[in-house]
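Working notes, beginning with the structure itself.
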Amino acid sequence: MAKASTAKKFTLTTASAAVLGVMSLGAQADQTDIDFGGYVKLDMLVSDYADGFAPDSANIGRQQYIPSITPVGGDGDDLTTDFHARQSRFFLTSKTELDNGETLTGHIEMDFQLTPDGDERISNSYNPRLRQAFLKYGKWTFGQTWSNFQDLNILAESVDFIGITDGIVFNRQAQIRYTSGGFSASIENPETTVTETRNSTDRDPGDRIVSSDGFVPDVTFKYSGKTDNLTWQASVLLRQLAYDVPQTGDDETTFGYGVSLGAKYTFGMDDIRASITTGSGLGRYLGLNTWNGAYIDSNGELEAIDSTGISFAYRHFWTEKLRSNVVYSRGWADNDGELLAQAGDMTEYTQRLAFNLMYSPASNLTFGAEISQANRETEAEVDGDLNRLQLMAMYKF
């Protein structure tokens, strides 16, 4: 995954900043600093779906690795090749010194990844999507940004968009966060995903239901620390899972929680990154929602699904400009007997092992090549592999 880009800075006077709307009308300041940056990235992916048919070219799995959609149980398909520049990104950040001595920061960031509109026939035109949009005032953050439950420090350097996808927390959403030193706490947007069962609706068992019935915000707590060459974090997630069951009309709820530990150890230019996350009702927080947060049991009640994920990455610098990363990630769920009986064959685990080579002839220019094998297996021991070669060229500005 790409690092933050090198930004270009310019300054606006108070009057011009107010005209552009980068500071509130009531604030008075001498100047507002504006940072603009991003990167342009080309990806080429050659994919071998060893145990099933390749998804169509508009599928998100053709843009990046999505653990839950690796085909299983088929005869395999021909190789597919995709070129795209959809990960290209830009951002704008403003910082204004207010007359009360505080700094007001605003940030907005967009790219073109995973948007449904566009095609590969003629113009390859794609809509931009909102990644982050937040403001910071004092110790408070308001807006959409990375979940406070997530550890950005353990994200491996990867040609793929994420790389260690299967076993990590990866989530951006609207929130209110308080930060003081290494401690932070937040309330974040609630959303429950439920596994369709024979007891819930008339749809096929195993389908995903996005309930949209959440009332209580998700709550997170995190502490980050650093000792010599070791940087670490520990975070806790508390949430209420909610779903209005159609058959009974009852608004069912259950408690969900998660614990995540992550660390990065640096020695010389090299580093090792590792994490473990486990909980009940994690759902969309783990592995890009490979497993849902809950299901409807035979009594019509909501039951949380247990899941766990681990990740490991080692980065080695061969020279100052040439480096390699070995990346492994695995996620799995404890699909209990009643869930399997009611919903059918569920994903038991997914995992991915990758090796890449990254070359940076200049600090803002990187070329990369990555080979990977991903595997998904169901509770019925039906599995499938996705073998992929991915090349990239990226210019940060």
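The values are calculated or read from the model by the stated rules, or taken from the named source; none is laboratory data. Please read these numbers as outputs of a predicted model, since none were measured by experiment. Because the Cβ atoms are built from the backbone with ideal geometry, glycine has one as well, and the counts that use them run over all protein chains shown. These accessible areas exclude ligands, DNA and RNA; they are computed on the full protein's heavy atoms, side chains included. Shrake-Rupley method; radii C 1.70, N 1.55, O 1.52, S 1.80 Å.
Structure above, values below:
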quantity	calculated
Size of charge dipole - the stretch 239-288 - debye, nearest 20, with Cβ of Lys, Arg +1 and Asp, Glu -1, no other charges	300 debye
The stretch 229-310 - percent relative contact order, Cα under 8 Å, separation 6 or more	27 percent
Evaluated over the stretch 168-276, the Cα radius of gyration and Dmax, each in Å	18.6, 61
Partner aspartates and glutamates for residue 226 [C-alpha distance under 15 Å; skip if fewer than 8 residues away on the same chain]	151, 271
Net charge of Cβ neighbours under 12 Å - reference residue 56; Lys, Arg +1; Asp, Glu -1	-3
Fraction of accessible area attributable to carbon and sulfur, the chain (%, probe 1.4 Å)	56 percent
Highest-fluctuation residue, 292, 124, 325 considered, GNM on the chain with Cα pairs under 10 Å	124
Unit charges on C-beta of K, R, D, E only; dipole of the chain, Debye	2320 debye
Size descriptor, Kirkwood hydrodynamic radius, that averages inverse alpha-carbon separations across the stretch 74-146, Å	15.4 Å
Rounded to the nearest 20 debye, dipole of the stretch 99-224 from Cβ charges on Lys, Arg, Asp, Glu	380 debye
When each of 222/264; 8/396; 95/222; 139/222; 8/95 is checked by Cα-Cα distance, pairs over 18 Å	95/222
Computed [θ] at 222 nm, deg cm²/dmol, the chain (DSSP H ≥ 4; -39,500 (n - 2.57); rounded to nearest 500)	-1000 deg cm²/dmol
Solvent-accessible area per residue, Å², over the chain with all protein chains present [probe radius 1.4 Å]	45 Å²
Cα-Cα P(r), the chain, percent of pairs per 10 Å interval	5, 20, 29, 28, 14, 4, 0
P(r) histogram, all alpha-carbon pairs of the stretch 286-386 included - 5 Å bins from 0, percent	2, 11, 17, 16, 13, 10, 9, 7, 6, 4, 3, 1, 0
Extended-chain gain in nm, criterion 0.36 nm per residue less alpha-carbon gap, residue 357 and residue 299	15.6 nm
Rg ratio (alpha-carbon, reference 2.2 N^0.38 Å) - the stretch 313-362	1.95
Residue with peak Gaussian network fluctuation, the chain [Cα springs, cutoff 10 Å], from 157, 303, 320	320
Whole-number percent relative contact order across the chain, with pairs defined as alpha carbons under 8 Å at least 6 apart	16 percent
For the chain, built as a Gaussian network whose Cα springs stay under 10 Å, the top-fluctuating residue of 228, 160, 56	228
Against the rule of thumb 2.2 N^0.38 Å, how large the Cα Rg of the stretch 235-334 comes out	1.49
For the stretch 342-397: relative contact order, % (alpha-carbon pairs under 8 angstrom, 6 or more apart)	36 percent
Cα Rg, Dmax (largest Cα-Cα span) when computed across the stretch 65-116, Å	21.1, 67
DSSP-defined beta bridges in the stretch 166-304 - what % are antiparallel, rounded to 5	95 percent
